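Enquirer: Once you've had a glance at the structure underneath, I'll fire off some questions.
The values are calculated or read from the model by the stated rules, or taken from the named source; none is laboratory data. Fair warning: this is a prediction, and the values are worked out from it, not measured in the lab. In this analysis, Cβ positions are derived from the backbone assuming ideal geometry, glycine residues included, and neighbour counts consider all displayed protein chains.
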Amino acid sequence: MAVAVEIRIQGLHKAFNGYRVLRGVDLQIRRGDLVAIVGESGCGKTVLLNHILRQLEPDGGRVLVADPERPGAPLIDLATVTGQALDRIHARWGVVFQRNALFSGTVFDNIALWLREVGNLEDPAILPIARSVLSAVDLPEDATFLDTDSASLSGGMAKRLAVARALSMDPLVMFYDEPTTGLDPTSAAEIQDLVFATHFEREPDAPVRTTVIVTHDKDLLGRLRPRTVMLHEGRVFFDGPFDAFEASRSPIIRPYFDLMPVLHQRIA
């Protein structure tokens with residue numbers, strides 16, 4: 001039985017001020033995939049992610065995503081989706097941004113906002129969800145922590161809160177943009193394990209989750225062993241298992257692979 005497609009990118013082009021960043025990206029992500037998108041700085045990783053999230057409009061090509069609210073979750077062209085239909089799709093996605101993008105206010109405020117705005121839930125219904133997702137990311141769930149100002153959290157705790165907020169909507173797809181950037185080695189390893197857990201650990205009857213990670217973090221790749229997609233000169237240069245990527249002697253892949261720790265630290 002064929003595995004359903006979650007995201008399909010066809011001939012994607014994007015330029016900024018005449019500089020062509022994406023030059024015909026073709027990529028298909030299946031439901032349940034754990035995918036890492038890698039490549040040298042400026043190759044278009046985050047630009048590609050922002051097209052999937054509909055934060056950018058392509059100059060050419062298409063981004064198609066599964067609509068989970070329609071029978072069979074058919075693929076639809078994002079360019080044709082607006083208003084409530086787009087909100088319906090985004091409600092089933094969780095996004096963890098590079099700098100967390102936490103809102104001002106308390107821990108509870110950060111988790112509650114989308115549940116109020118999108119889920120139309122009141123605080124009594126939100127509270128058990130907040131406690132559940134905080135527990136899932138190994139953060140305290142007591143009233144004192146829920147009332148803590150999010151600006152006072154350490155880097156590792158802020159990242160965990162960003163993951164908890166993303167999980168609060170019970171997403172079918174999780175997106176991470178450089179999830180371990182700026183973290184100390186211990187916190188980074190904990191977030192790597194958390195990414196793994198949020199992808200694979202679920203209730204027996206729950207649907208599989210798809211995960212897309214933009215990263216330079218070689219340690220993360222080594223721990224998760226994901227399907228690895230490398231962008232180079234605006235196109236997909238490599239798409240395959242991490243083991244094959246790690247073992248490659250390609251004159252394009254090898255120098256980048258060896259330089260990944262430097263690039264990761266430079267972003268931090």
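Enquirer: Quick test of your reading of the structure: Ser248 fulfils all but one of (1) under 20 Å from Val25 (Cα atoms); (2) without any contact (Cβ under 8 Å) to a residue 24 or more places away in the chain; (3) surrounded by 14 or more Cβ atoms within 10 Å (Cβ to Cβ). Name the failing condition by number.
Expert: Single failed check for Ser248: (1).
Enquirer: May I ask you to list the residues in the range 167-222 that are surrounded by 15 or more Cβ atoms within 10 Å (Cβ to Cβ), basic (Lys, Arg) and without any contact (Cβ under 8 Å) to a residue 60 or more places away in the chain?
Expert: Step one: list which residues in the range 167-222 are surrounded by 15 or more Cβ atoms within 10 Å (Cβ to Cβ), which gives 167-183, 187-192, 194-196, 198-199, 208-221.
Now restrict to residues that are basic (Lys, Arg): 209, 218.
Within the range 167-222, just Lys218 meets the criteria.
Enquirer: Tell me, please, whether a residue that is free of Cβ contacts under 8 Å to residues at least 40 places away in the same chain and of a type in the set (Lys, Arg) can be found in the range 6-13.
Expert: Quick first cut of the range 6-13, residues free of Cβ contacts under 8 Å to residues at least 40 places away in the same chain only: none.
For the range 6-13, residues free of Cβ contacts under 8 Å to residues at least 40 places away in the same chain and of a type in the set (Lys, Arg): absent.
Enquirer: So in the range 70-98, with the set limited to residues that are farther than 25 Å from Val3 by Cβ and in contact (Cβ under 8 Å) with a residue 60 or more places away in the chain, which one is surrounded by the most Cβ atoms within 10 Å (Cβ to Cβ)?
Expert: The selected residue is Gln98.
Enquirer: Return the residue satisfying two criteria in turn: it lies in the range 17-49 and is among the small types (Gly, Ala, Ser) and closer than 21 Å to Gly60 by Cα, and of such residues it is surrounded by the fewest Cβ atoms within 10 Å (Cβ to Cβ). Give the derivation first.
Expert: From the range 17-49, those among the small types (Gly, Ala, Ser) are 18, 24, 32, 36, 39, 41-42, 44; that's our starting set.
When the remaining residues are screened for being closer than 21 Å to Gly60 by Cα, the result is 18, 24, 42, 44.
Numbers: Gly18: 5, Gly24: 14, Gly42: 11, Gly44: 24.
So, considering only residues that are among the small types (Gly, Ala, Ser) and closer than 21 Å to Gly60 by Cα, the one surrounded by the fewest Cβ atoms within 10 Å (Cβ to Cβ) is Gly18.
Enquirer: Working only within the range 145-161, note down all residues that are free of Cβ contacts under 8 Å to residues at least 60 places away in the same chain and assigned to a helix (DSSP H, G or I). Can you show your working first?
Expert: Looking only at the range 145-161, we keep the residues that are free of Cβ contacts under 8 Å to residues at least 60 places away in the same chain, and these are 145-158, 160.
Phe145, Leu146, Ser150, Ala151, Ser152, Gly155, Gly156, Met157, Ala158, Arg160, listed by residue number.
Enquirer: Give me the strands (runs of 3 or more DSSP E) completely within the range 60-111, filtered to those with at least 1 residues that are farther than 30 Å from Ala188 by Cβ, ordered by residue number.
Expert: On the way: elements: 60-66, 75-77, 93-96.
Where strands (runs of 3 or more DSSP E) fall fully within the range 60-111 and carry at least 1 residues being farther than 30 Å from Ala188 by Cβ, they are 60-66, 75-77.
Enquirer: Considering only the range 65-77, how many residues are at pLDDT 90 or above and farther than 13 Å from Arg31 by Cα?
Expert: Going through the range 65-77 one residue at a time, the tally reaches 2.
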